[in-house]
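The values are calculated or read from the model by the stated rules, or taken from the named source; none is laboratory data. Here the structure is a predicted model, which is why all the values come from computation and not from measurement. Note: ideal-geometry Cβ built from the backbone for every residue, glycine included; neighbour counts use all protein chains shown.
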Amino acid sequence: MIKLKNSEQVEGIRRSCMLLSELLEKLRPMVQPGVSLLELDKAAYDFIIKHRAVPAFLDYDGFPATLCLSVNETVIHGIPSKRRLVEGDIIGVDCGIDLGGYFSDAAVTWAAGKVSPEADLLMKVTRECLDRAIAAVVPGARVHDISRAVFSHATAHKFGVVRSYCGHGVGLEPHEDPQIPNYVSAGPNPRLLPGMVIAIEPMINAGRPEVR
């Protein structure tokens with residue numbers, strides 16, 4: 001069931017999102033060759049606790065960390081480890097925060113040093129997919145308008161669109177309805193209404209769309 005939020009709830013979610021944005025700004029300079037994934041995770045945990053919030057992903061369905069850190073061919077849900085980034089890696093940094101019962105969720109992909117032209121283009125096109133998807137979010141539009149915006153732009157650049165995972169509603173729980181696929185599926189296609197809060201998560205591969 002889709003949960004429409006009132007103005008007070010939207011403001012609480014906004015504060016959680018702003019704190020998460022501040023965290024990502026803090027982490028960005030740390031993403032350099034030589035940093036370990038555990039160092040990034042600890043920095044995120046310490047920041048969230050310092051601000052009297054709770055890491056939303058930690059212990060969620062058994063996940064053992066604050067951040068999902070997905071390097072190179074790992075699409076999603078990578079577990080932080082002692083692995084150190086090397087020149088040319090790209091890393092997906094995904095985090096959620098529970099601030100007073102209001103949840104935020106955001107992911108970014110960053111480069112460690114200089115990356116290949118293909119990796120650079122992948123990040124550029126994925127960001128453009130997100131921008132196009134956000135532009136499609138207007139009252140009265142439908143979920144598949146978001147899906148179409150992502151899919152059409154990614155495939156125009158010969159990239160694969162992951163179908164096994166998708167965006168989702170968020171705010172009062174870490175994951176809520178509706179699902180926001182990155183392709184036009186045969187599934188539900190609800191209308192976008194005032195009070196809906198969603199996490200749009202383009203997942204784009206340089207190659208085939210399948211994951212394993």
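Before moving on, here are some points about what is shown:
- Strands (runs of 3 or more DSSP E) lying entirely in the range 15-120 (those with 1 or more residues that are over 27 Å from Gly207 (Cβ atoms), of a type in the set (Asp, Glu) and in contact with a helix residue (DSSP H, G or I) (Cβ under 8 Å, 6 or more places away or on another chain)): 90-99
- Residues (surrounded by fewer than 22 Cβ atoms within 10 Å (Cβ to Cβ), within 25 Å of Val75 (Cα to Cα) and small (Gly, Ala, Ser)) located in the range 170-198: Ser185, Ala186, Gly187
- Options Thr126, Thr66, Thr74; residue that is among the hydroxyl-bearing types (Ser, Thr, Tyr) and surrounded by fewer than 17 Cβ atoms within 10 Å (Cβ to Cβ): Thr74
- When the range 170-189 is filtered for residues that are in a loop (DSSP other than H, G, I, E, B), among the aliphatic types (A, V, I, L, M) and under 16 Å from the mean Cα position of the chain (by Cα), only Val170 remains.
- Residues considered: Ala106, Ala199, Ala133. Of these, the only one that is touching a Ser or Thr at 6+ places or on another chain (Cβ under 9 Å), touching a residue at least 60 places away in the same chain (Cβ under 8 Å) and assigned by TED's automatic domain parsing to the domain that holds Lys5 is Ala106.
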